[in-house]
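So the structure is just underneath, and the comments pick up after that.
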Amino acid sequence: MSERRITLAIASDLQNVPLVGQAIQRLCSLTSLSDIESHQIALCVVEAVNNAIIHAYDREAEHEVQVIFSHYSDKLTFQICDAGRAMDPNCLAPKAPSPFDFDPRCLERLPEGGLGLAIIRSTMDEVSYTTTCGKNILTLTRFFKSCRIDTTPLMG
């Protein structure tokens, strides 16, 4: 399977994140994805980069965050890489409670955080995280529609 790859690197300053979002949305628009799907994926990458800057680097601006965009015939992958503090792997556990599960009538229980990972998990087809030799890599995968498995129950 042939791969086309582009690596984006930014300083860990939140002001740089919109540039990543614009670049990812434009790259996605060159594929078979719709404009809405391209926007949703760009949002996921932006959320992941924000998390790297805020949580891994504690908002310190002198570090680097890389986004590796890989285009395959059946999917796109995005690797968000940093060398900061590692993420708790339980954050991506399949059984992790969703911040979307709340009673909107109870203002005291409205979620204040954690929506980024929930958006990522609901939009992407696969999400994985590894830490190796001080490098954290969050990998987001989105299959093209013709390659996605439809889990919608059949009406009968």
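All of the numbers you see were taken from the coordinates with simple rules; none came from a lab. Because the structure is a prediction, the values reported are computed rather than measured. Every residue, glycine among them, receives a Cβ derived from its backbone with ideal geometry; neighbour counts consider all protein chains shown.
So who's got an amide H within less than 5 Å of the one on TYR57, skipping anything under 5 residues away but keeping other chains? H placed 1.01 Å off N, in plane.
ARG85
Please identify the GluC sites (Glu not before Pro) of segment 1-64 that satisfy two criteria: DSSP loop assignment and at most 15 other Cβ atoms within 10 Å. Which are they?
Of the GluC sites (Glu not before Pro), the ones in loops of segment 1-64 whose Cβ has at most 15 other Cβ atoms within 10 Å are GLU3, GLU60, GLU62.
Would you kindly derive the ³J(HN,Hα) couplings of segment 36-43 from the backbone phi angles with the Karplus curve 6.51 cos²θ - 1.76 cosθ + 1.60 (θ = phi - 60°), listing them in order in whole Hz, with x for Gly and Pro?
Couplings: 5, 4, 4, 5, 4, 5, 4, 4 Hz.
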